[in-house]
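One structure is given here, and the rest of the page talks about it.
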Amino acid sequence: MTAKQENSSFQSNSKIAYYILNIIFMAIIMAIFIYSALYRINEHPIPALLTKRTGIIPPSKGLSAGFSEIVRGNFSEALVANTHTIRIFSFFALQFLLRILSIILIKKEWLRLNRIIATDISVSTILFVVSFGPLIIYTLKLFSQILQ
């Protein structure tokens, strides 16, 4: 096999792997949205174990309930459930759209794969920091207070 054939084969395998990764992420995000649509506040089958065992209310408490309210269009109730809900839900919604865009770009070959991946990583990192940053900072502050 020539170097050109090896490179072409590597590119083809990379496209397939990246395409599959995007499909997996989309499936996970869709599962989160479906879970949110199926359950309402106080009906979630997954308990808040930290609160149950320690009595400590974590900063993430109410996110599932908030997501459930967002998929029903109740944004004010979502904010009551958890002030970070809309920001974090937006991360998942934007990631879902970014996965669709990535798949289109891969199929249409409008950009080189390495450019698609680099852009995806950059945009996803920025979205993650903007979406989860306040919750992470709040969580770290809470844990530092607990440890003191």
Proximal lysine pairs, the chain, alpha carbons under 17 Å, eight or more residues apart or interchain: 5
Could you calculate, for the chain, the ratio of the Cα radius of gyration to the Kirkwood radius, expressed as Rg to Rh? 1.10
Scan the chain and note any complete DSSP helix (H) whose C-alpha atoms cover at least 24 Å along its axis and whose Kyte-Doolittle average is -1.0 or more. 3-38, 85-108, 113-147
Stretch Ala93-Phe128 to full length: gain in nm at 0.36 nm per residue minus the Cα-Cα span? 11.4 nm
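DSSP loop (so not H, G, I, E, B), at most 11 other Cβ within 10 Å: list which trypsin sites (Lys or Arg not before Pro) in region 63-148 pass both filters.
Hits after loop and neighbour filter: Arg112.
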For Thr119 and Phe33, what is the calculated FRET efficiency with R₀ set at 35 Å and r taken between the beta-carbons, to the nearest 0.05? 0.90
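Bear in mind these aren't lab numbers, they're just calculated from the coordinates by the rules spelled out. Quick caveat: nothing in here was measured; it's all calculated off a predicted structure. We place every Cβ from the backbone using ideal geometry, glycine too, and count neighbours over all the protein chains shown.
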